[in-house]
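Visitor: There's a structure below that I have some questions on.
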Amino acid sequence: MILHHEFVKIAKKYAKKTAIVDKTRGTEVSYSKALIASLMLAKKIGKYNDGDIGIMVPTSAGAFLAVMGTLMTGKTPVMINYSTGAAENCEYAQNKIGFKTILTSRALCEKINCPEVDGMVYLEDIMKEIKLTDKLPAAMKSMMSAKAIIGGFPAADIDDTIVILFTSGSEKDPKAVQLTHRNIGANIRDVLEVMDLHDTDVIMSILPMFHVFGYTVDFWLPMLTGMTAVTYANPLDYKTIPKIIREQKVTMIAATPVFFLGYLRESEKGDFKTVRLAVAGADKTPDSLREGYKKKHGIELLEGYGTTETSPVVSVNRPDMNRPGSIGPALPSVQVKITDITTGKPLPAGKEGKILVKGDLVMKGYYDDLEETSLRIEDGWYDTGDMGLVDEDGYLWHKGRLKRFVKIGGEMVSLVRTESILQDMLPEGENCCIVELPDSVKGAKLVAAVTVEVNDRDMIKKMREKLPSIAIPAQFIKFDDLPKMGSGKVDFRTVTDIVKKKMRK
């Protein structure tokens, strides 16, 4: 399906229903108004004839409509990360993709102290310019049949790029991922099939749209099904979001474990009363977090797995198929195989190796990077760079990034496993990250960044009960908070740099 075409059909079908509740601005937008606004924005955006359109707007009605309007012009939205180094990210995207115009928000730029970048256009200015002569044609066009409205758009193909997203850059420079209508459409169809979602559901849309999790699940999923999306611009506002969930009677929320941890800490009993589906992804979900939600809110936190390059969802636990600790069975149209990291040969159930994925969810490729694309996709199989296994019952288990395995004293050590063990030993609400530093004797040594003071000797003694000596950190360094990407993932590069600086003092 062509996604913005499908939105037009949904908007016509659910015209009077609330599409977006924007809790940052305190506004509500019906599906009919969302269609009119998208058509108006499309006319404004269409005037910029300098390539694709960068979008740097927090999750909101404005962000939803800017993406939809851009697609209606035949241009591709390029989503830009504003969480750190916004101006640099704008220029990086412009240079990489070759476009000029960036739709953004003056309020956002002022809040994050982002200097004006050549090509920036503020949504606030566009909205001020809209006159009755803009509104009437859009309103009249919205009253036409869905077929007639769609017929006025530039021709589109299912394999056209619908978005360009950048990888997190937590390990190296971001790559530009091209996802198509086919990619995201297939992912949404699969999610709807296994998660029993309906137009009556209310989704809490808080993840940034420059992250694939937010773009697909928080934006396209509700807009293609007639759900109501409750948007809030700051996922780190741990006190406010549980209150919004209670007030808006939210039924579904997807977030990263870091965000869920914050909501658990600041929420009151009853805040999650209406939530029937809570899905965690993008990072390992600690057992203590699952237990916390069961104990405080009586709900099961379901863990899933995906990547930017797979639109994103590869596998997910479901209400009726849940194996805590695993990342769930693969989605219906997705193939997964585990291969030996040395020979590349497929491995049987229960054997750990590299995770490869195949299906309509796999990206078109990295923009203008045929070499990197060919290294990651062969015969339709995408090499995730993650380690894992599939058990006898078809559940996928994530064992960490291949790059987060390190050889110490000739043995392969999983940093993720060490983190998991340490996390369970820390007080509730605290966090950790294991980094690798060079060592002249063993080749490498581990250091733990933790958000609470620990006694090194006592912690090492406790960890020896569960881990071999080579997998135990040699030192524990206190952080007030761990640096994170905008998606909520820990920023490994920054943590490592800070640890090195602290150890040099």
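Every number in this text was worked out from the coordinates using simple rules, so none of it is lab data. Computed from a predicted model, the values in this text were never measured in an experiment. Cβ coordinates were reconstructed from backbone atoms using ideal geometry, including for glycine residues, and neighbour counts include every protein chain displayed.
Visitor: Ranked from highest to lowest mean number of other Cβ atoms within 10 Å per residue, what is the order of the peptides 302-313, 355-366, 326-337?
Guide: 302-313, 355-366, 326-337
Visitor: Further question: Run a plain Debye calculation on the range 302-399 (Cα atoms as equal point scatterers, no solvent) and give log10 I(q)/I(0) at q = 0.15, 0.25 Å⁻¹, rounded to two decimals, same order as the q list.
Guide: Ignoring solvent entirely, the Cα scatterers give -0.56, -1.36.
Visitor: Which one of Asn317, Thr373, Gly344 is farthest out on the positive end of the charge dipole of the range 302-399, using unit charges on Cβ (Lys, Arg +1; Asp, Glu -1) and the Cα centre as origin?
Guide: Asn317
Visitor: How much net charge surrounds Ile150 when only other residues with a Cβ under 12 Å from its Cβ are counted (Lys, Arg +1; Asp, Glu -1)?
Guide: Surrounding charge for Ile150 is +3.
Visitor: So which trypsin sites (Lys or Arg not before Pro) in the range 155-241 are both in a DSSP loop and have at most 16 other Cβ atoms within 10 Å of their Cβ?
Guide: Lys172, Lys239
Visitor: Could you give the spread of the C-alpha atoms of the range 421-505 along their three principal axes, from largest to smallest, in whole angstroms?
Guide: Per principal axis, max minus min of the Cα coordinates gives 34, 33, 23 Å.
Visitor: Enter the angle in degrees (range 0 to 90, nearest 10) between the Cα long axis of helix 3-13 and the first principal axis of the Cα atoms of the chain, meaning the one along which they spread out most.
Guide: Between the helix axis and the principal axis of the chain, the angle is about 60 degrees.
Visitor: Check the cysteines of the chain one by one and keep only those with no other cysteine Cβ under 4.7 Å from their own.
Guide: Those would be Cys90, Cys432, Cys433, since no other cysteine Cβ in the chain comes under 4.7 Å of theirs.
Visitor: A follow-up question, please. Hey, what does the equivalent ellipsoid look like for the range 120-182, semi-axes from the Cα gyration tensor as sqrt of 5 times each eigenvalue, largest first, whole Å?
Guide: Largest first, the range 120-182 gives 33, 22, 7 Å.
Visitor: Largest first and in whole Å, give the semi-axes of the chain's equivalent ellipsoid, each being the square root of 5 times a Cα gyration tensor eigenvalue.
Guide: Semi-axis lengths for the chain are 39, 24, 23 Å.
Visitor: Which angle from 0 to 90°, rounded to the nearest 10, does the C-alpha axis of helix 287-297 make with the longest principal axis of the chain?
Guide: 50 degrees
Visitor: Which peptide among 426-432, 88-94 comes first, and what is the full order, when sorted by highest mean count of other Cβ atoms within 10 Å?
Guide: My ranking of the peptides, most packed first, is 88-94, 426-432.
Visitor: On alpha-carbon atoms, Rg over Rh for the range 352-503 using Kirkwood Rh?
Guide: Result for the range 352-503 is an Rg/Rh of 1.02.
Visitor: Given H placed on each backbone N at 1.01 Å, which residues far from Ala444 in sequence or on other chains put an amide H within less than 5 Å of it?
Guide: Gly409, Asp439
Visitor: Another question, then. Any chance you could give the angle, 0 to 90 degrees and rounded to 10, that helix 61-72 forms with the longest Cα principal axis of the chain?
Guide: The angle comes out near 70 degrees.
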